[in-house]
Amino acid sequence: MSNTNYSRRQFLGISLAAATLSPLTGLARQLQTKDSAPGTPYKALVVVLLEGGADVFNMIAPTEADRYADYRATRENIALPRNSLLPFSHLNGNGLNPDSYGMRDNMGAMHSLFEEGKLAIIANTGTLLQPVTRSDVENGAPVPFELFAHNTQRSQWMLGSATGAEHQGWGARIGNHFYTEGNPWFNVNVSDSNNLLQTGGAFEAIHFDDAYVSPDTMTAYGFGPESGGSELGQVYQTLYKQQLESRNLLMAAFARKRMDELLRPNRLEGLFDNVLNFDGFNDGVHETGKPLGRQLELVAQILSVRQEFQNRFQTNRQIFFVNQHGWDTHDSDNAHQVGYLSDSLGAFQHALADMGIENQVTTLTLSDFGRSLTSNSAGTDHGWGSHAFVMGGAVNGGDIYGRMPQMRNDSPDAWSDRMIPTTAVETYLATAAKWFGLSDAELGSVFPNLSAFPERTLGFMA
Amino acid sequence: MHFPFRNKLKKPVHHSLFNTTNKPGNKRFIGLIAIVLLGITTANSIEIPSSTAAQHTATALKPGGGGASQDHFSYSRDSHKVSDYADASAFLNRATFGPSRESINELFRKGSYESWLQEQFSLPPSLHMQWAEDNIRGINGTGDIVDHPEDWKRYSDTLSYAQRDIWWHLATQAKDQLRQRVALAWSEILVTSVNNGVLLTQPDARISYYDLLVRDAFGNFEQLLHDVTYHPTMGKYLSYLGNAKAGTTPGSHPDENYAREVMQLFTIGLYELNPDGSLALDAQGNPVATYSQEDVREMARVFTGLTDQNGFFFPGDGDTTHFARTQPMIAMEEYHDRGPKHILGQDIPGGDTGTDITAALHILFEHPNTGPFICKQLIQRLVTSNPSPGYVARVSQVFNNNGKGVRGDMQAVISAILLDEEALHGAELYPRRFGKFREPLLFITHLFRAFHAQDAVTVLNIYEDGPAYTYASYNFHGTGFTRQEAPLEALTVFNYFTPFDAPYSLKQQGLVAPELEVYGKQGIDDLLMGIITKNSFVYQTYELAAELQLQRETAWIARREYDRLLDELDLLLTAGQLSARSRQAIKAYLVQQESKTDKGISNEQLARYVIGLIMTSPDYALQR
C-alpha cells in the first residue's frame, strides 16, 4: 500500500538518526573469506522480479508484415498496433532471429539502452527439466511441476531449477561459494517481499529496511542509550536472548532472527556518510507495494558507498533483489507497468553511469512466467516462456539471445496458446553468474540441472 | 482515480534516508554480535532427531480419543472444562481478538468451552456495512452515507479510511468475537484486496465482501464458497466479472484466473492430500497434482456469463452503483459457455450459468482434499502453525461428516478445532513446535481489548473543503503501522503469508511459521512500542486516539506491587506463559527504577514500558 510505503519512509527517517549509534568494530575479524573469495573490481547483480507474470508479448512484437499479421491474428484485441512500435535493429549475432521487432511505445528508455548496446533481450526463456518441443510435450515428455501456478513457477526461477531437488535460492548458493562463513551483506533484499532467491545462505538475506527500522526507532522510544532508556533496552534484549535456546523451535528461531536483525544495523555507523542522491527516480502512479523506482534508487545509493562496504565487509560482490507488483494482468493491459519499468530501469542505468560503474553492475529481469498468447477478452492468462531483459555496460547489448518463438497458436513453439521455452532459466542465469565470477565447475554446482541443456551460457556477457 | 490514504498525513515529515549525523557509539551492543553469530551457528546445528519427529506422529491422538498420553502428561481431567484462568486466556487468544479481564472471567464463570462456543454461535453477526450506515455522519455539507450510498465511490479516498476504522472498532468491541475472528481467517484464505485497480475505489464493495465472510463464517462451506463465487468483489478481484465465453472477442478464451485460484487456493490445493493433510505420494514417492491445465481451461468455461447488477456485461467504471457493488452477481446467458465440461474426472452436462457453477463448486466441495486443505489452514490461523497429522485428520473427519451426515458444517469444524486436545493442551503435548506467531493485526486488537482502549471523535477530512465525515473510532485508519498487514489489503491473492512460509532454518526442520513472513519484511516492535508508550511522534503523525486505560497497572506500580502487576499482565497477555527469566528481568528493572531518586519516568509510563516489554518479547509473539 502506498500509505504504508509513505509511513515506512518516515520511519526510515527517524530510524536513521539512531542507526549510526555504534562504532563498527570486531566484525571484520569475524568475517572469514576463503582464498577464492572474489577480488576487485567490485561487481553487483541486480535482480528485478516482475511479480505476477509479465506479458512480455506486449513489450516486444514483430514488425515485418507477415510476422505482425500472425501476432495480430493471435492476440487480436490486445495486440499492439504495428505503427506504434518503436522499431529496433538487432545484430542477430546467433543467426537465429532474422526477423525485425519493435518495442512498445512507452519503452523509450529501454529502447535507447538497447540501441546503445547496453540492453539485451533473452528470448522465450523459462522453466524446463530438459529441452522440449511441442511434440515432446504432447507425448508426455517431462515438464516442470505445476506450470502456470504463480508461487511454484516463481520459486523455480528463484531456485534456478525446476527439479524440486533444490531448496536454497541461486543467490544464496552463489554466496556460499564466495564466502565460506557467509557474508551478511552479500545478499541484500530491497524489495517488499521475502524471496527464495536469497534464502538458504549462512546469513538470511538482509532486508534493507529492517536493518534501519527496528532497533533505532526502538531507541527513539526510549529503548536505546541515547534517550536514557538503556536499562530498558537491556531488558528488551534479555527477553530475546533468554529464548535463543528455547525448547520450542519456533520460539528459538524467532529469537535468533530478531537478535540478528536488532544487532546488524549497529554495524552501519558512518557507512552512509558519503552517500549520493540521484535524480530521475519516481514513485510511479498507483503502484502496489513499494515502488520499483524507490527500490532502485535505494540500490543506487547503496552502490554509491560500495567502497565502504568493501572495506568493512569484503563485499566485492553483492546481489540486490527488487520487485515490481501488478503484472498479473488477467483483466487489463500492462501499459502502465511497462512504462514504469522502462523509466525506472533507465533512471537506474543513468545513475550507474554517473557513478562510473556501468560495467560493474548488471541488471536482469525475471518473472513468474510469460502469459497466454491469446486474449481472454480483457487481458491474458498464465503462460510459460517469456522474454527477459539484461542491462549493463558489460552486457553485449543490442541483440536478441536465444531464439524468438513464432507467436502463433499453431506454431511449433506453442503448447496450445502458451510458449514453450526455448532457453532454460539455467542457461540464462548461468551467463550472468559466469560474468559475476563463478568458474565453470561452480556454475554446475549453483545450477545443478544446467548440464541437461545444450548451451551452458548464451554469450550476452563476456 | 486517486489513491486513498495517500493524503491523510497532516504533518508529513520528509526525511532524507541518508541525511544523518554521526553520534557517539553504543559499545553495549558490540559484545552481542558474537552472540548472534553463535546463535546462527547453533541454528544450523539444531535438529529434531528423526526418532522424536516420528514419535510426534506416532503419538498423535486418535480421533475421538481422550486417553492418549505421553510420559509427562495425561488427560485425567475433563479437557473441555475451563480449569483455570490461564487456560481461559489461552483459549481466548485463539477464539477472539485477544482476552480481556472481563472475557477471561466470563469464560471461567461459564466453566465450559462448549457453552461459550454455543453462545458465540448464536450471537447475531455484527455487520460492517450496518455499522457504517448507523454511525458515519456527513458534516460540513456532506450527506450521511446511509442516505447517499453512491458517495462510497465518489468519496472513496476518504471513505477507505472508514473501512479500516470500522474493522478496528468491530474487531475490538463486537460481541460476536468468534465470528469476527473466523471472518478474518476466511479473509486470509478467500483473499480479496484493496490492491486492485477497481476495488481501490470501492470501499463499499470491500466492506460488503467482508460482511459476506462475517455472515457465512459459521455456515456450510459449500454455501460460503457459493456466496464468495457470486460476490462482485471476488468477481472483480479475480477478473471473472464480465468473463465471456470463447470467441466473444475474436480468438479469445475464457479468463482462467478464478478457475485456477478457486482450486489452488480456495478448495483443493496443488497436490493430492491424505485425510491428515500430508501429501499423498505416488509409487515413486512424488506428489500428485490435483488438477491439470486442461482442468483449468474447463473450469474457466464454467465461470463465464457472470456480471454485476449494473445491466452491462462489461460494465465501465462509470456504470457501477452501490447496489451492484454489494449484491450478488447475475448471469447473462448469452455470454455463458453452455457446452459440456469435464472437470477433475467428472462430467458436467452443460447448462445455464447457475447450474454449471453449482455443479462445479459441488465437485470441489466434495473433493477429498477440501477438508484437510481448508481445515489445516483454519487450524494454522487460529491455533498452531504445525498441527500434528492426527489433529488435522480429526478436524477433517468432522468436516467430512459432522456426526449427522452433513459435510462442511463450519460450526462443527470450528468447535473441533478449538476443542481438540491438541488445541487445549498443545503446549504440553508438543512443547517443541506448538503455537503460532501472532500477526500484527492481532497484537493491536489484543492491546486494545486488554486495556480497554477508548474511542475518540474521528473527523475524516482529507481534502480541504472536501467531503467530511465523523464517527467514534480509534482513529487508527491513517497509519501504516501494521506495515504489510491490514484487513483486505494483501498484496496478492496469496495473502500476506502462505501456509508454507518459514525461515530457512525452520524449513530444514520440516516446520513452518507463516506469520513470520510479515515480521520479516519490517520489524513491528518499534511501532507497537510507539503505540503502547504513546510515543508523541507516532501519535501526532497519525493522529491516533485509542486511549488505553492503565489505572490499575499504574496504581500497582505506585504501590510497588510488582508481583500482582506481573501476575495480571502474564494472565492477560501471555496466558500464564511468561517465562520465569522474562519475569525476573522485568521485575528487576522495576526495582532498579525504584531506587532512583529522580527517575524521570511516571508510574503510568513505567506501566506502559512493562506492557511494551512483554508484548514485544518472543514470549508474547508466539501464541501457545
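Structure summary
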| item | result |
| --- | --- |
| Residue satisfying all of: in segment A:273-293; surrounded by fewer than 21 Cβ atoms within 10 Å (Cβ to Cβ) and at the interface with chain B (Cβ under 7 Å from one of its Cβ atoms); modelled with the lowest pLDDT among these | A:H286 |
| Evaluation of B:A423 against (1) among the small types (G, A, S); (2) buried (at least 24 other Cβ atoms within 10 Å of the Cβ); (3) farther than 12 Å from B:V395 by Cβ (one fails), failing number | (3) |
| Residue identified as assigned by TED's automatic domain parsing to the domain that holds A:F148, hydrophobic (A, V, I, L, M, F, W, C) and not in a helix (DSSP H, G or I) among A:L458, A:L429, A:L438, A:L443 | A:L438 |
| Members of segment B:419-475 that are farther than 28 Å from A:R258 by Cα and among the aromatic types (F, W, Y) | B:Y463, B:Y469, B:Y471, B:Y474 |
| Number of the condition not met by B:F218 [criteria: (1) in contact with a His (Cβ under 7 Å, 6 or more places away or on another chain); (2) over 17 Å from B:I357 (Cα atoms)] | (1) |
| Selected residue [in contact with a Lys or Arg (Cβ under 8 Å, 6 or more places away or on another chain), in a helix (DSSP H, G or I) and of a type in the set (S, T, N, Q)] from B:Q584, B:Q593 | B:Q593 |
| Selection status of A:L91, in the same structural domain as A:G397 (by TED's automatic domain parsing), at pLDDT 95 or above and more than 27 Å from A:Q156 (Cβ to Cβ) | yes |
| Positions within segment A:446-455 being free of Cβ contacts under 8 Å to residues at least 60 places away in the same chain and assigned to a loop (DSSP other than H, G, I, E, B), in sequence order | A:E455 |
| Selection status of B:Y609, without any contact (Cβ under 8 Å) to a residue 60 or more places away in the chain, at the interface with another protein chain (Cβ under 8 Å from one of its Cβ atoms) and either among the aromatic types (F, W, Y) or out of contact with any Lys or Arg (no Cβ under 9 Å at 6 or more places or on another chain) (or both) | no |
| Any hit, segment B:452-461, residues being of a type in the set (D, E) and either without any contact (Cβ under 8 Å) to a residue 60 or more places away in the chain or farther than 30 Å from B:E133 by Cα (or both) | no |
| Segment B:612-624, residues that are within 7 Å of another protein chain (Cβ to nearest Cβ) and more than 21 Å from the chain's Cα centre (by Cα) | B:L613 |
| Hits in segment A:147-182 (condition: buried (at least 19 other Cβ atoms within 10 Å of the Cβ), part of a loop (DSSP other than H, G, I, E, B) and within 13 Å of another protein chain (Cβ to nearest Cβ)) | A:L147, A:F148, A:A149, A:E166, A:Q168, A:G169, A:G182 |
| Residue count for segment B:463-485, restricted to those that are crowded, with 18+ Cβ neighbours inside 10 Å and either modelled with pLDDT under 85 or of a type in the set (F, W, Y) (or both) | 13 |
| Residues that are assigned to a loop (DSSP other than H, G, I, E, B) and among the acidic types (D, E), drawn from segment A:114-146 | A:E116, A:E146 |
| Qualifying positions in segment B:562-616 - of a type in the set (D, E, K, R), under 27 Å from B:L527 (Cβ atoms) and modelled with pLDDT under 90 | B:K599 |
| Unique residue being part of a helix (DSSP H, G or I) and either of a type in the set (K, R) or in contact with a Cys (Cβ under 6 Å, 6 or more places away or on another chain) (or both) when the list is B:K245, B:K236 | B:K236 |
| Close pairs (6 angstrom Cβ cut-off, 6 or more residues apart or separate chains): part of a loop (DSSP other than H, G, I, E, B) in segment A:275-295, hydroxyl-bearing (S, T, Y) anywhere | A:V275/A:S304; A:L276/A:S304; A:G284/A:Y340 |
| Residue among A:F348, A:F321 that alone is in contact with a Ser or Thr (Cβ under 9 Å, 6 or more places away or on another chain) and part of a strand (DSSP E or B) | A:F321 |
| Every residue from segment A:83-100 that is surrounded by fewer than 17 Cβ atoms within 10 Å (Cβ to Cβ) and not in a loop (DSSP other than H, G, I, E, B) | A:N83, A:S84, A:P87 |
| Selection within segment B:225-245 - at the interface with chain A (Cβ under 9 Å from one of its Cβ atoms) and aliphatic (A, V, I, L, M) | B:L238, B:L241, B:A244 |
| Of the criteria (1) within 9 Å of chain A (Cβ to nearest Cβ); (2) not in a helix (DSSP H, G or I), which one B:L544 fails | (1) |
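Results for (1) out of contact with any His (no Cβ under 9 Å at 6 or more places or on another chain); (2) within 14 Å of chain B (Cβ to nearest Cβ); (3) modelled with pLDDT of 95 or more, shown as yes or no for each residue.
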| residue | (1), (2), (3) |
| --- | --- |
| A:Y401 | yes, no, yes |
| A:Q406 | yes, no, no |
| A:D410 | yes, yes, no |
| A:M419 | yes, yes, yes |
| A:G444 | yes, no, yes |
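The values are calculated or read from the model by the stated rules, or taken from the named source; none is laboratory data. Computed from a predicted model, the values in this text were never measured in an experiment. We place every Cβ from the backbone using ideal geometry, glycine too, and count neighbours over all the protein chains shown.
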